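The block underneath contains the structure these notes are about, expressed in structure tokens.
Every number here is computed from the coordinates shown, using simple stated rules; none is lab data. Just so it is clear, the model here is predicted, and its values are computed rather than measured. FYI the Cβ positions are ideal-geometry reconstructions off the backbone, even for glycines, and counts take in every protein chain you see.
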Number of protein chains: 2
Amino acid sequence: MVQYSISNLDASFGALADPTRRGVLEQLGQADASITTLAEMFQMTLTGMKKHVGVLEQAGLVCTEKVGRVRTCKLGLRGLEEEAVWIERHHQLWATRFNELDAILEELKQKEK
Amino acid sequence: MVQYSISNLDASFGALADPTRRGVLEQLGQADASITTLAEMFQMTLTGMKKHVGVLEQAGLVCTEKVGRVRTCKLGLRGLEEEAVWIERHHQLWATRFNELDAILEELKQKEK
DNA sequence: ACTATACTGAACTGAATGGTTCAGTATAGT
DNA sequence: ACTATACTGAACCATTCAGTTCAGTATAGT
């Protein structure tokens, strides 16, 4: 059985799998925003948006702070580092696989001659 | 309202959100495998594994070919390019935001003097 | 021809998701 | 004090998801 290490990749890739949430990240990349603002931008109820923000917060991609009655959302402190690393590593796996394939094809070509 | 462009990021990030599926990709990075092999490795029924492979296939991360009675799974032709690009772009958004923050902090420090 | 293997598909289950409404609490402004 | 704003939480709903079982079909080996 293959053992996979525990990480929050589940949470973060899960968070990124939703277009609304990717949109929220995009937005927060431009400027911080309140739940209300985000809800309006994505035509959604406050409650709905709060859930999305909750998911992003769980994944560590967003952090929020409530001052007075408004909760302001910003990009989280850690910024997709882990995800970038994972993707990059696998990018290389792909490259390796296809290089091997190339090598094999190359070999076959040689034999043809 | 914010408009977001259509893409298969939903499918691919969704596919990556599951540890079993990330494990399968990892495995296929080492060697091609049949559904049976994968099912055994991840202690799962054939049917269950076939569904996971289906999800990965939909996302274009895996491709399969059935010859005789065995279906062989390999890494898909396109390899996380789109995802890498998305992540990288947002990596930069983060950087920008935090650079701005640095700038502001720097400014505040100056005034203190 | 017979048997074992490898997959496939339909149908079912429990839990998670993405959204809603509605009733509440807390703060801001007049 | 009163009213509007901003959020919060519980409860609900339909859909999807991750997995199962079970009954099939097709191919490989003897």
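Structure notes:
- Euclidean distance between Cα centres, region B:13-74 to region A:36-101, Å: 26 Å
- Across region A:15-54, counting alpha-carbon atoms alone, Rg and Dmax equal 9.0, 23 Å.
- The ellipsoid equivalent to the alpha-carbon distribution of region A:1-91 has semi-axes of 27, 13, 12 angstrom, derived from the gyration tensor eigenvalues as √(5λ) and listed largest first.
- Karplus-derived 3J(HN,Hα) values for region B:56-70, using 6.51 cos²θ - 1.76 cosθ + 1.60 with θ = phi - 60°, are 5, 5, 3, 6, x, 8, 9, 10, 10, 9, 9, 10, x, 9, 9 Hz; glycine and proline are entered as x.
- For B:T72, net neighbour charge (Lys/Arg +1, Asp/Glu -1) across residues whose Cβ lies under 10 Å away: +1
- Each other copy holds its own label point for A:E57; taking that point as 7 Å from Cα along Cα to Cβ, the gaps run 4.1 nm, nearest first.
- Ascending list, in nanometres, of distances separating the A:M44 label from those of the other copies (7 Å, Cα toward Cβ): 2.7
- Nonlocal amide H pairs with B:V62, under 5 Å, H built at 1.01 Å: B:E57, B:G76
- Counting Cβ atoms of other protein chains within 10 Å of each Cβ in B:41-47 and taking the mean gives 1.
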